[in-house]
1. Taking region A:252-273 as the search range and keeping residues that are open to solvent by less than 50 Å² (accessible area, probe 1.4 Å), more than 20 Å from the chain's Cα centre (by Cα) and more than 9 Å from chain B (Cβ to nearest Cβ), which one is nearest to B:Arg19 (Cα to Cα)?
2. With respect to A:Ser288, is the statement that it is open to solvent by 10 Å² or more (accessible area, probe 1.4 Å), among the hydroxyl-bearing types (Ser, Thr, Tyr) and over 20 Å from A:Ala150 (Cα atoms) true?
3. I need the full set of residues from region A:279-296 which are away from every other protein chain (no Cβ under 14 Å) and assigned to a helix (DSSP H, G or I), in order please.
4. Find the residue count for region A:145-175, including only residues that are of a type in the set (Gly, Ala, Ser), assigned to a loop (DSSP other than H, G, I, E, B) and open to solvent by less than 40 Å² (accessible area, probe 1.4 Å).
5. I'd like to check something: does region B:68-82 contain any residue that is at pLDDT 95 or above, in contact with a Phe, Trp or Tyr (Cβ under 8 Å, 6 or more places away or on another chain) and open to solvent by less than 70 Å² (accessible area, probe 1.4 Å)?
6. Is region A:70-82 home to any residue that is hydroxyl-bearing (Ser, Thr, Tyr) and either in contact with a strand residue (DSSP E or B) (Cβ under 9 Å, 6 or more places away or on another chain) or within 30 Å of A:Val230 (Cβ to Cβ) (or both)?
7. Is it the case that A:Leu276 is in contact (Cβ under 8 Å) with a residue 12 or more places away in the chain, open to solvent by 40 Å² or more (accessible area, probe 1.4 Å) and within 14 Å of chain B (Cβ to nearest Cβ)?
Amino acid sequence: MRVQDLSEDDIQHRLRSDGLYFRLGAFTTRVRSVYPAMSTDFRRLYGACEADTRDSEITDFFLNLYAPSRTRSIFRPQVMADVEGPGPFIPLPSKMTLLMLETAMNWCVASRVRSMLLLHSAVVEKNGRAVILPGQSGSGKSTLAAALVANGWRLLSDEFALIRISDGALVPYPRPISLKNESIERMKAMFPDGTFVGPFTDTPKGTIAYLAAPSSAIENDQVAVMPRAVIFPTYESGASLRSDEWPKAAGLGRIALYSVNYTLLGRAGFEALADLVDRCTIRTVTYSSLDDAIGFVEDTVGTEA
Amino acid sequence: MAESAVKWAACDGEALVWRDWDDGSAVYDTRSGQTHILDLVGRLVVVELGEAPASVRELAERVAETTGGAPDAPLRNQLHTLLGELEHLGIIEVIAA
């Protein structure tokens, strides 16, 4: 059964009571919420995920979204997340409950996963060639990843590259693509039939909207793929496309800066990172035209079947 | 201590995990958990010191032989600086002459 097969009432009941269980990629998540009105947005973004995993799989993450203040819950309600312990969250207005969910899910992955090397990065794939797009918030990685998806690439992840320690494969985790500020309207034009949630205005990162991963990406969320390139994207208004190739050794150092758990993994993390460098072309790309950037990525890794 | 009286040696090889490429190397230090990036000359120096401890003068002669350069004062000065950096990283160490 998938989330979209559940009625709105059923989702709300689960969120309010024992929790809604769903699986995406390698992780099963249980969510409880004091604000079940998030169910509509949740269903739009995670509808294609498997639901009812409670009895069949170990739950990896448990997120409880609650009202931090009983008084404020009446006048200016807020939402806060508990992830089987406190996380580094700040209360948000309750209308941003979905944003809190996304933030808490990111925290769970970043702070708990030890069997994979994690890079703050988007990941896309076409014909078995996966490209890792590392970048901090606002770098343009999500916009470029979304544009590639609009051009037939499969979304593996918008937030984290999950590199399996055992074999170096990229494990999908196709959560919604987080779009910010000007890129929201650009992507709405690029995805006329896309499922968008938001925009959420006045968030700590400006205006944010979410674009649901295509259902085909979620249906293939168990299909891992080997990486072919690491490309550091930077959006620069008015810039002509330019790119530099990075040497392997220096590239390893640069990629490590984008990892959220490299130092925790010790030698295994180093070996996984070095294997990644062995396998990949490492480049930067600065762009203003998405068409140019898409062409660059496709030329870099090739897309022939 | 006079330059000729100081010798350097590579640190415990088992503690360091190396990955080498055409353009340089990365080394993971299992003792500190730190990763360091070395250029080709840095890696060559560590390899040479791993084969046998050496003073700056001796090392300059061995490096020059490999690179085809001259074991002159500029090279010795460059190596002196590099050895200090590698020692600081814990990849090599000073030993008694």
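1. Restricting to residues being open to solvent by less than 50 Å² (accessible area, probe 1.4 Å), more than 20 Å from the chain's Cα centre (by Cα) and more than 9 Å from chain B (Cβ to nearest Cβ), the top hit is A:Ala272.
2. No.
3. Passing the criteria: A:Leu290, A:Asp291, A:Asp292, A:Ala293, A:Ile294, A:Gly295, A:Phe296.
4. Here the count works out to 2.
5. no
6. No: region A:70-82 contains no residue that is hydroxyl-bearing (Ser, Thr, Tyr) and either in contact with a strand residue (DSSP E or B) (Cβ under 9 Å, 6 or more places away or on another chain) or within 30 Å of A:Val230 (Cβ to Cβ) (or both).
7. no
Yes/no matrix, rows are residues, columns are (1) in a loop (DSSP other than H, G, I, E, B); (2) within 14 Å of another protein chain (Cβ to nearest Cβ):
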| residue | (1), (2) |
| --- | --- |
| B:Ala9 | no, no |
| B:Val41 | no, yes |
| B:Glu48 | no, no |
| B:Arg57 | no, no |
| B:Arg62 | no, no |
| B:Gly69 | yes, no |
| B:Arg76 | no, no |
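The values are calculated or read from the model by the stated rules, or taken from the named source; none is laboratory data. For clarity, every value in this text was computed on a predicted model and none was experimentally measured. Glycine gets a Cβ as well: all are built from the backbone with ideal geometry, and neighbour counts include every protein chain shown. For the accessible areas, the whole protein counts, side chains as well, though only heavy atoms, and no ligand, DNA or RNA atoms are used. Shrake-Rupley method; radii C 1.70, N 1.55, O 1.52, S 1.80 Å.
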